[in-house]
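Q: Sharing a structure below in C-alpha cells format, with a few things to ask.
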Amino acid sequence: MTDTVELESKEEYEKDPDSRLPAEGYEKVHNSRLKSLDAPLFCDAIIKIMNIDYNTEQISFNGTPSQFVDFKALTFIGSSLRSSIDSVLQSDKPDLNEQVTHLLPLCKHLAIESHIALTSRMESSLPLEMSEFHDSIWSSTNLSLLCSESGVDRIFGLIVVTAKLEWVISCLVDRRLQLKDNLQSDKVRCILGNDMVLVLQCLLGCVKGFNLKNLTWHGFISPSNIPQELCSLLFCSVLTISSRLSNNVFKARTSAFIPEIPNLSVIPGIPFSTCESILENSALIHPNQKKLWLIFLQNSRGSPPCGDTPMLVSINVVLLQHCLRRLWVVASDSDVTRCSAQNTKFYITLDEIFSPVIPSDVARPGASYYSSMYSKNQSDVSENVLIPILGSGTFYALLDLFVHGEGLRLRDKLSHCECDTVNLTVARHLFHLTFSILARFCDKAVQKPCNDLACYYDSYHHRFHPFSMMLEIIKNIETTAEKLTGFIQEVVNFGIEEKKVGFVEKLHEVINSLQKVSVSQPQVPLFIGLAKAKYFSLLLEILKKINTFSSELAIVAATKFELFKDRKLRSRQRQNFSTLIGALPYFNKYLALTRTYMYSSTKHVENLVNFEFEENKEFVKHLKASLKCFENLVAIVSLSKWVEIGCFLVNHLENWNDFNIKDV
C-alpha cells in the first residue's frame, strides 16, 4: 500500500512549510501538550479486571480441580462449565452486570485453562480437525493470530475476530441489534447454550467484564494491556461456537456495500522511510501503541501476516480513532482522563469527536453524539474543534469516510463485519489521509516531504455530505429535461394532422428512457441542523413530484398519440390533444427554471452558518410554490385536463418573471 514513488524533490519550497496548516492550528494545539498526554489506555477498574493471576485464579469446585476445556478439540466441556456456572450464580437471578461480576473469576480460570490447552496443543504439533462448516465461516479470518507469541499479532487478531464473531451471532437472530442485546436473545441461548452465552457476555459484551469488542474497536488496546490468556479464551470460544452450530441454523447475513469515492484524483505518495519517521515522531500516537503502528506500516507493504485489505483497513481505523481522541481532548480542553477507557461512563466515540461544539448546559440524549442539533436554537452550535487544527478539507475527508449516511461509514461496517471486501483505492485513501494527519504533529523536518499530501487533503471537497449529494441529484434532473426536450421536439416535428412513419415507435423509445430516470433519496441526517434538514426534505419532495409527473405525463401522452394515430380521438379530445402539445414546452421551461433555482438556493443554504426555515425567506417561499405546482400537475395529469395544465404553468411562470435567480 505504501510502495509509492518517492516524492522528495530537489526544489526548495518558496513558502514556509507550515503555511499549509490552518493559521490557528499550532496556536491552539501544541505538540508538547500532546506528548505530555500520558493518560493510560485503561482506567484502574479495567486494569484490575484484566489482571489474571495464576496463583489466585485456579478454582476448584466441590473439592476437585475443574476441567472445562477438551484438550484435543480445544472446545469447552458443556456439562462441566454449566454446573460450575450454576454453582457460582446459585439460585438467585441478578441483572447482567451482577452476573458478569460474579462470573469473572470463573472466566479468568477458563482463560488460563484455555491458554494451557492451546499451548499444549501447539507444542504437540498435532493439527486441529476443523469441520467443513467452521472453515466456511472462518476461513477468511486469520484465527491463528490469536495464538501468536507476538502481542502485536494477537491485537490484530482481536480486531478481526471480535468483529467476525459479532457477525456470526447476529446471523442467528431475525433482527440485528447490538452485540450485548443479541446475546440476550432466547434464540441465541437456545442454539449456543446458556453457558456459552454467559462466557461471551463476560468476554465481549458487558462493560463489567473484559469487554474486548468495545475496547478493541474504540482503539484502547495495546500489546501490553490485553492478557494472552484472553486471546486463548477467545480462540477456544470460536471453536466451541462452531461445534454447536450447523448449516441448518446458520444463515449468513448479506454483506453491506462500501461505495467507491467518486472523482478522487491521484493521491500524492510518500516514501516508506518518511512514514517510519512520522510514526516515530508524531505526538498524536500513544507510546503504548507505537509498535502496533510500525507493524501495521510493514504489513501495508504486502508482507504477512496481514496482507488482506479489509484487515489492514480495520487496523488503520482502530488505531486512527485513539489519535483523533487524543487530539480532541487537547483541542476541547477536556479532562485528560477521557483518553482512558472507563467502565462507568461512555467512551469518547467518533460521533462526539466529529460533532460541533455544544455548550455544556445543552442536554445530550444519552450516549449518542451523531446529531449536532440537540438544541433547536442553531446559534448554540459552533464548528467542530478539529477544523481549525486539521483544516476543513481533512475534516471533510474524515466525515466522508466515517460519518455521512451515504458515505463509506468504515468504522460501523467493519466493526460489525458487514462487508467482505474493501476497495484498494479506499484503503490507500484512508492510509494517506491518516499519515497526513499524523505528520501535522511532527517536527518540521519530518513534515516537509508530506507537503504535497497535506495540500491534497487541504483542498479536499465533500463527496457524501447531504448537500453535495443533493446538488448531484439536482444536476441529474438535466437528464429528465433532456429526455423531455427530445420528446417535445418530436411532438413539434410531428404536427397535429401530419402522419410520419415510425414516429410512434420512436416516441415510445423516448418514453421508455424517460421512465428509467429516477430520483434517489439520500438520507437527511440531523447533523446538518434541523432547519437545513427541513429544507433538504422540501427539495426531495419537489424532486419526487418532478419524477412522478414526468413519468405519468409520458404514459398519458403516449396513449393519446396512439389514439390520434388510429383516428380514435373525438373532436373535444383532439382539442385537448392540441392543448397538450402547447403545454409541453411550458413544462420543459418550468422544469429547467426549477432545476436552476434549486441548485442556486442549495449552494446558498449550504454556505449559511445560521439558517432558519421561515415563511418570509424568498427562496423557501418560491420552492414551496414549486412543490405546490408539481403537486397540482401530478393531480391533474391523469385526468387529461390539459387546458388547466397549460394555464397553470403560464400563470406560474409569470409569477417568477421578476425574481432574479442570481440574487438568491
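The values are calculated or read from the model by the stated rules, or taken from the named source; none is laboratory data. All values reported here derive from a predicted model rather than from experimental measurement. Backbone-built Cβ (ideal geometry, glycine too); neighbour counts: all protein chains shown. Note: accessible area is taken over every heavy atom of the protein model, side chains too, but ligands, DNA and RNA are not part of it. Shrake-Rupley method; radii C 1.70, N 1.55, O 1.52, S 1.80 Å.
Q: Counting only the backbone N, which residues of region 98-120 are under 16 Å from the spot 7 Å out from the Cα of GLN67 toward its beta-carbon?
A: Under 16 Å, as judged by backbone N against the label point of GLN67, lie 110, 113-118, 120 of region 98-120.
Q: Note down the nm distance, to one decimal, between modelled labels 7 Å out along Cα→Cβ at HIS604 and at GLU276.
A: 5.7 nm
Q: Sticking with this one: One quarter of the convex hull surface, Cα atoms only: what value does that give for region 183-276 in nm²?
A: Spelled out: convex hull of the Cα atoms, projected over all directions, averaged, 10.5 nm².
Q: I would also like to ask the following. What length, rounded to one decimal in nm, is gained on full extension from SER79 through to LYS290, with 0.36 nm per residue of separation minus their alpha-carbon distance?
A: Working it through step by step, the gained length comes to 71.6 nm.
Q: So, one more: What residues have an amide H closer than 5 Å to that of THR75, excluding those fewer than 5 places away on the same chain, when H is modeled at 1.01 Å from N in the peptide plane?
A: HN-HN under 5 Å from THR75: ASP70.
Q: Still on this model: Could you pull out the pairs from LYS532/LYS603; LYS413/LYS475; LYS35/LYS213; LYS208/LYS345; LYS72/LYS213; LYS345/LYS534 whose alpha carbons sit more than 23 Å apart here? The partial results should precede the final answer.
A: On the way: LYS532/LYS603 12 Å; LYS413/LYS475 30 Å; LYS35/LYS213 28 Å; LYS208/LYS345 12 Å; LYS72/LYS213 27 Å; LYS345/LYS534 33 Å.
Long pairs (Cα-Cα over 23 Å): LYS413/LYS475; LYS35/LYS213; LYS72/LYS213; LYS345/LYS534.
Q: If each of THR254 and CYS190 carries a label point 7 Å out from its Cα toward its Cβ, how far apart are those two points in nm?
A: 2.5 nm
Q: Then there is this: Could you put VAL249, VAL446 in order of accessible surface area, largest first, with the 1.4 Å probe and the full protein assembly present?
A: VAL249, VAL446
Q: Tally up the carbon and sulfur contribution to the accessible surface of region 99-255 as a whole percent, 1.4 Å probe, everything protein left in place.
A: Its accessible area is 48 percent carbon and sulfur atoms.
Q: Any chance you could run the full-extension gain for ASP308 through ASP333? It's 0.36 nm times the residue separation minus the Cα-Cα distance, nm to one decimal.
A: Here the answer is 5.1 nm.
Q: At R0 = 22 Å, how high is the FRET efficiency between LEU424 and ASP135 if r is their beta carbon distance? Nearest 0.05 is fine.
A: 0.25
Q: Provide the gained length on full extension for the span ILE555 to LEU264, in nm with one decimal, where the gain is 0.36 nm per separating residue minus the Cα-Cα distance.
A: Values: separation 291, 0.36 × 291 = 104.76 nm, distance 3.94 nm.
Length gained, ILE555 through LEU264: 100.8 nm.
Q: Using amide H atoms built 1.01 Å from N in the peptide plane, name the residues 5+ places from PHE42, or on other chains, whose amide H lies under 5 Å from its own.
A: Those qualifying (amide H under 5 Å, at least 5 residues apart or on another chain) are ALA341.
Q: Express the C-alpha Rg of region 99-201 as a ratio against the empirical globular expectation 2.2 N^0.38 Å, rounded to two decimals.
A: Normalised Cα radius of gyration, region 99-201: 1.18.
Q: Just to check I understand the Karplus step: with θ = phi - 60° and J = 6.51 cos²θ - 1.76 cosθ + 1.60, what whole-Hz values come out for region 400-414, glycine and proline as x?
A: Each residue's phi maps through the Karplus curve to give 4, 7, 10, 10, 4, x, 8, x, 7, 6, 4, 5, 4, 6, 6 Hz.
Q: Using only protein heavy atoms and a 1.4 Å probe, report how much of HIS465 is accessible, in Å² to the nearest 10.
A: So the heavy atoms of HIS465 present about 30 Å² to solvent.
Q: Let me ask something else about it. Which of the GluC sites (Glu not before Pro) found in region 129-207 are loop residues per DSSP with 13 or fewer other Cβ atoms within 10 Å of their Cβ?
A: GLU129, GLU149
Q: How about region 196-292: which chymotrypsin sites (Phe, Trp or Tyr not before Pro) there are in a DSSP loop, with at most 13 other Cβ atoms within 10 Å of their Cβ? Kindly include the intermediate steps, with their values, before the conclusion.
A: Working: sites: PHE210, TRP217, PHE220, PHE235, PHE250, PHE257, PHE272; in loops: PHE210, PHE220, PHE250, PHE257.
Sites meeting the loop and neighbour criteria: PHE257.
Q: Using a Förster distance of 35 Å, how high is the FRET efficiency between GLU541 and ARG301, based on the Cβ-Cβ distance and rounded to 0.05?
A: Details: r = 51 Å, r/R0 = 1.45.
Approximately 0.10, to the nearest 0.05.
Q: Hey, what's region 97-249 come to in accessible area per residue, 1.4 Å probe, Å²?
A: 35 Å²
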